Each structure stands twice: as structure tokens, then as C-alpha cells.
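What follows is a set of notes on a single structure, which appears directly below.
The values are calculated or read from the model by the stated rules, or taken from the named source; none is laboratory data. These figures come from a predicted structure and were not determined experimentally. So basically every Cβ, Gly included, is an ideal-geometry build from the backbone, and we count neighbours across all protein chains shown.
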Amino acid sequence: MNMSQKPQETALSRCPGCEEPLEPGDLFCGACGYDLSAVPEPPQDHPTIAIASPAGEAVPGSVAGAASSAPPPPPPGAAAPEVRFDGPDASGDFELAAPAAGATPDPRTSPDPAPAPPAGGKVCVACRAGHVDDDGYCENCGHAQPRERDHVEEELGSVAAVSDRGLRHHRNEDSFAVSTTALPDGSPAVVAIVCDGVSSASRPDEASAAASCAANEALLESLPRGTHPQQAMHEAIVAAAESVNRLAQDPGQAQELDPHRHQNAPACTLVGAIMASGLLVVGWVGDSRVYWVPEDRSHPPARLTEDDSWAAQMVAAGLMNEAEAYADERAHAITGWLGADAYELEPHTASFKPDRPGLVVVCTDGLWNYAESAAEMAAAVPADAYERPLHGAQVLVGHALDGGGHDNVTVALVPFAVPPQGAGSA
């Protein structure tokens, strides 16, 4: 390859990443920083969508082993439901517009060098010359800088989580919280919460952050008081829903939220796991999932949650098998979510008592889209993930990115150790 060869100029009129208008000759998008020198083919994405019945009632999917039951699917011939698409083109809350073209010299076309940024200022990752303003854009070339949430990693004791923007979205709308606390008897409790913002809603990144934070705080308050972990998870999901609902309220508004007055309100899914006193408790609303992968791989893995989705609803009703349902373009229509426009909150919880060590995988569909079955997820989990959960989470995020990275990717790993006989009595 001729190293002096210029990158190929794009002939596209809009950015493939965020749909912002492009100027002839642009080598990258000024709004989201998408590299236009080698534009790939459009991805075969299957984004999450929110679905509601025309009658104004939620249509959650059937949940096996959960704390609450779900109503049956709508009868044949029912009116087509409204849907919201969760993809990079659907969000009503785009980034701030880049500075107007020509406002400052472009180092790619101007013979005059760009002014050096002030001492201690942040340098643009694109032109390597401009100063980055408080809004995260280069004052010289307008390039959007990587955001703090584009890639986040955290390891806390034995629990670890990684979240990544992925390769197609212009921002990371996932969020997570991991924590540890002590039960009244002094034994440890480990918490992992993962939330996926619904991109067709407004401010999905704020919704996921608010939900994960509220759920985590609720658990850190209730578990040390002696609340049973399954009840604590239920209360945490309710607290998370209330925090997301508040995002849709006007300042000073105190009246009860009316879902018809908050169309397209901030929304997200939530899934969480608690490991305490030999119990594994999971809770969820939406289509983020929990998987169980035994440390001894000779034992079968399992999926511990059932999606609140159109596909799960069709399978539960016996109208399609799982392969047919998830191949349908409506598969990722979610029937349950947290948000002011959710007609009814249906927190699902389930409790398990594993008899052997294993790994709990808590993740968004940005990962399980590339490892959908329990066997596929177990195959993607590295053999040393039980001892090195952060490394395991990094490998799983890499698995999703290698598969296409069409969505934000978030995964938390919680190693589960069977307590000594007689320890714990939850």
C-alpha cells in the first residue's frame, strides 16, 4: 500500500453513524466523528424497540419462574401496535451541533497551521492541534471527542463490569453499577445492575444512568437492614422506575404522571443480580439478561431471565418457535421498560440456590445478540473468567465488537462461590 495515498473522499450526503449532513470532501463527520474514509456497508442491525398496545395497556411477555405473572398476548387481528426503534438513527436527543464550517481554519485544507491549544488544554484526537471546548468539540475542526462513557471499566472485589459504546452508535446509552455490602450477620452481598437506554426515547443515556444508580443505592440501603434479597431487588426496581419517571417531569411538577402526557419519555431496561448467603437473586424489566455459567463446564449453562419482548411473547403463546421468533424483524420490540410512558410496571424477580460454583453474566442485548443461547454465551466466556472477572468482561465485550458491535455493549460478571455447609440462612 502507498503510505502517502490520501484517504478516499466520501460521496455520501449524510453520515452513516448519526445521519448529520456532510459536505463534499469530508473525511469524518463533524458531529459524531465517524470515519468516512472507508464507509462500510450498512449493518444488519436488530435494535431494541418499545411496543405498547393500542388499548393503552402494557403487553409484557410471559416470565418463567418470576415473581409476577403476565397477561396473554393480544388476540389475532388486533390493531398494529406502536413501536419505537432503538438505533443510532432513532434518538430524538442528538449531540450538540458541531461548530459551523469555516469558523476556524481546517488543517486538512488550509496552509496556515492551526493555533496551538493553551497550556494544559485538551488536544483534539482528530486534528491533534485544536483545543477541546467545554461541550466536547474541537474548536479547530469541530470533531466530537470521545466521551467519558464511551468505554467504562470497573472492578470491585470479585465483581467486575465493562461498558462500551460499540461500533455504530454515536454515544453509549448503557449504564451499570456494581457494589458490595454486608448483611446483618456480617456475610457479604454482591450487587450488579445493568441498564440499557431505549434510543427511540428522549435522553436514554440519562435514563439508564438514573436507573442503575437508584437501584444500586436502594440495595445498599435495604440489604444491610436484613431485607430478603428477592424483596430488596423488587424494591430496587421500583426505585429505579421512579427515578426514570422523574426525568419526564417538568421542574416543580408534583402531580401524578400520566403516560399519555409523556410520550417518548426517557426510558431504559434493567437487569440485576444479587449474590448473598448462598442465594442468587435476579430481577429485570425489559430484554437485558442474566446467564449462569458453571465453573465446571461439564455441567450445562442456563439463562435465568425471560425477555419482555415480542419474540418471547410469541414463543410463550406457542405461535412460533424460538428460532422463528428471533429471526423476525419484530423480535426486539420490548413489552416492558422503565419510564413515564410505560403503562404498567411489572418487576420480575427469581431466586436460585446453585449447588456448585459458577459465573453470573449480567448483560444487555448488545452482547447477547452475538451469543444468544446459554451454550453460546458459555462458549464466549473465557475459561479463567471465574478467577479474573474483569478480564472475562473485557473478552465478552470484545466478542460483541468482533461480531459487528451494532449496539452499545455492557456486561457484569459475578463469580458465585458455594458457601460452606451451614453458612447463611437467607
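Counting only residues that are within 16 Å of the chain's Cα centre (by Cα) and surrounded by 16 or more Cβ atoms within 10 Å (Cβ to Cβ), which one in the range 151-165 is nearest to VAL190 (Cα to Cα)? Steps first, please.
Keep residues of the range 151-165 that are within 16 Å of the chain's Cα centre (by Cα), which gives 151-154, 160-165.
Retained after the next criterion (residues that are surrounded by 16 or more Cβ atoms within 10 Å (Cβ to Cβ)): 152, 154, 160-165.
Details: VAL152: 19, GLU154: 14, ALA160: 11, ALA161: 13, VAL162: 16, SER163: 19, ASP164: 22, ARG165: 25 Å.
It comes out as ALA160.
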Of the residues in the range 187-202 that are surrounded by fewer than 24 Cβ atoms within 10 Å (Cβ to Cβ) and of a type outside the set (Ser, Thr, Tyr), the one that is nearest to the chain's Cα centre (by Cα) is VAL190
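Yes or no, residue by residue, for (1) on the phi < 0 side of the Ramachandran plot; (2) of a type in the set (Val, Ile, Thr); (3) modelled with pLDDT under 90:
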| position | (1), (2), (3) |
| --- | --- |
| ARG289 | yes, no, no |
| ALA302 | yes, no, no |
| ASP307 | yes, no, no |
| ALA331 | yes, no, yes |
| ILE334 | yes, yes, no |
| ASP341 | yes, no, no |
| ALA350 | yes, no, no |
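Does THR335 satisfy the criteria of being of a type in the set (S, T, N, Q), within 23 Å of the chain's Cα centre (by Cα) and under 20 Å from VAL411 (Cα atoms)? Break it down stepwise before answering.
Details: of a type in the set (S, T, N, Q): yes; within 23 Å of the chain's Cα centre (by Cα): yes; under 20 Å from VAL411 (Cα atoms): no.
The answer is no for THR335.
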If a residue counts only when it is hydrophobic (A, V, I, L, M, F, W, C) and modelled with pLDDT of 95 or more, which strands (runs of 3 or more DSSP E) contained entirely in the range 140-231 have at least 3 such residues? 159-164, 174-182, 188-197
Out of the range 342-358, which residues are closer than 15 Å to ALA265 by Cα, buried (at least 20 other Cβ atoms within 10 Å of the Cβ) and more than 19 Å from the chain's Cα centre (by Cα)? none
Please determine whether any residue of the range 255-267 is modelled with pLDDT of 95 or more, surrounded by 18 or more Cβ atoms within 10 Å (Cβ to Cβ) and either aromatic (Phe, Trp, Tyr) or assigned to a strand (DSSP E or B) (or both). yes
A careful count of residues in the range 126-149 that are crowded, with 16+ Cβ neighbours inside 10 Å and of a type outside the set (Phe, Trp, Tyr) gives 15
Just for the range 392-426: of the residues that are at pLDDT 95 or above and among the polar types (S, T, N, Q), which one is surrounded by the most Cβ atoms within 10 Å (Cβ to Cβ)? THR410
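Here's the yes/no breakdown for (1) closer than 15 Å to VAL271 by Cβ; (2) touching a residue at least 40 places away in the same chain (Cβ under 8 Å):
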site: VAL360; (1), (2): yes, yes
site: ASP365; (1), (2): yes, yes
site: ALA380; (1), (2): no, no
site: TYR386; (1), (2): no, yes
site: GLN394; (1), (2): no, yes
site: GLY405; (1), (2): no, yes
site: LEU413; (1), (2): yes, yes
site: PRO419; (1), (2): no, yes
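So, in the range 293-315, exactly how many residues are buried (at least 19 other Cβ atoms within 10 Å of the Cβ) and of a type in the set (Gly, Ala, Ser)?
Taking the range 293-315 first, the residues buried (at least 19 other Cβ atoms within 10 Å of the Cβ) are 293-294, 301, 304-315.
Add one more test, that the residue is of a type in the set (Gly, Ala, Ser), and what stays is 309, 311-312.
The number of residues fulfilling the criteria is 3.
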With respect to the numbered conditions (1) surrounded by fewer than 17 Cβ atoms within 10 Å (Cβ to Cβ); (2) of a type in the set (S, T, N, Q); (3) closer than 19 Å to GLU154 by Cβ, which one is the sole condition not fulfilled by SER373? (3)
Identify the residue in the range 269-307 that is closer than 17 Å to ILE193 by Cα and assigned to a loop (DSSP other than H, G, I, E, B) and, among all such residues, is nearest to the chain's Cα centre (by Cα). SER288
